[in-house]
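One structure is given here, and the rest of the page talks about it.
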Amino acid sequence: MDPGAIKEEIANSIRTAIPALNCFGYCPDSVPEPCFYVGEIEIDFDRAFQRGMDEMRVTCRLLVSRADDRAGQRALDTYLSGSGASSIKAAFHAARGAPGQPALGGLCDDLHLTRVQGYRMYEVGEVKFYGAELIVRIIGEG
């Protein structure tokens, strides 16, 4: 699996599903809100014999405005919903492709948004945002 290509395709997939969301396959220096970006990755090599499978865990972040505390958190909740036009969970599900087909346009075998954590205030530079981390599990050929 190519981590750089996977990070970019995750951002492209979310951008396609939710056009109003600014999406990056890397950690941006400045954050245009609302913003989704791919952050840290962890890779476990050799999860199957003969380089048969690697596993990657990707931490993505979702940041929204905190100009109004209630409206900002409502917006965050909408993106974190399990379904709907602005649901990141639904966007990840669409990026998996059809049953039996590889995910992310063939870059990996499968991916799954497994968890949301860190629902809190984040600071980027001197600007504060409401946000959350999204943990994505990706498997593919080694």
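Which one is modelled with the lowest pLDDT, of the residues in segment 54-77 that are buried (at least 16 other Cβ atoms within 10 Å of the Cβ) and not in a strand (DSSP E or B)? Within segment 54-77, the match that is modelled with the lowest pLDDT is ARG66. Taking the conditions (1) surrounded by 13 or more Cβ atoms within 10 Å (Cβ to Cβ); (2) at negative phi; (3) part of a loop (DSSP other than H, G, I, E, B); (4) small (Gly, Ala, Ser) in turn, GLY97 satisfies each one other than (2). Looking for something hydrophobic (A, V, I, L, M, F, W, C) and within 18 Å of GLU133 (Cβ to Cβ) - is there at least one such residue anywhere in segment 97-108? Scanning segment 97-108, I find no residue that is hydrophobic (A, V, I, L, M, F, W, C) and within 18 Å of GLU133 (Cβ to Cβ), so the answer is no.
Residues that are modelled with pLDDT of 95 or more and either crowded, with 18+ Cβ neighbours inside 10 Å or charged (D, E, K, R) (or both): does segment 46-53 have at least one? Within segment 46-53, not a single residue is modelled with pLDDT of 95 or more and either crowded, with 18+ Cβ neighbours inside 10 Å or charged (D, E, K, R) (or both). Scanning segment 112-142 for residues being of a type outside the set (Asp, Glu), farther than 21 Å from ASP69 by Cα and either outside any strand (DSSP E or B) or free of Cβ contacts under 8 Å to residues at least 40 places away in the same chain (or both) gives a total of 5. Restricting ARG74, ARG70, ARG61 to those that are within 12 Å of the chain's Cα centre (by Cα) and under 30 Å from LYS128 (Cβ atoms) reduces the list to ARG61. Residues in segment 25-36 that are surrounded by 15 or more Cβ atoms within 10 Å (Cβ to Cβ) and more than 25 Å from GLY142 (Cα to Cα): VAL31, GLU33, PRO34, CYS35, PHE36.
Could you tell me which residue of segment 4-24 is surrounded by the fewest Cβ atoms within 10 Å (Cβ to Cβ), considering only residues that are within 14 Å of ILE88 (Cα to Cα) and of a type in the set (Gly, Ala, Ser)? The residue in question is ALA20.
The values are calculated or read from the model by the stated rules, or taken from the named source; none is laboratory data. As the structure is a computational prediction, the values presented were derived from the model and not from experiment. Because the Cβ atoms are built from the backbone with ideal geometry, glycine has one as well, and the counts that use them run over all protein chains shown.
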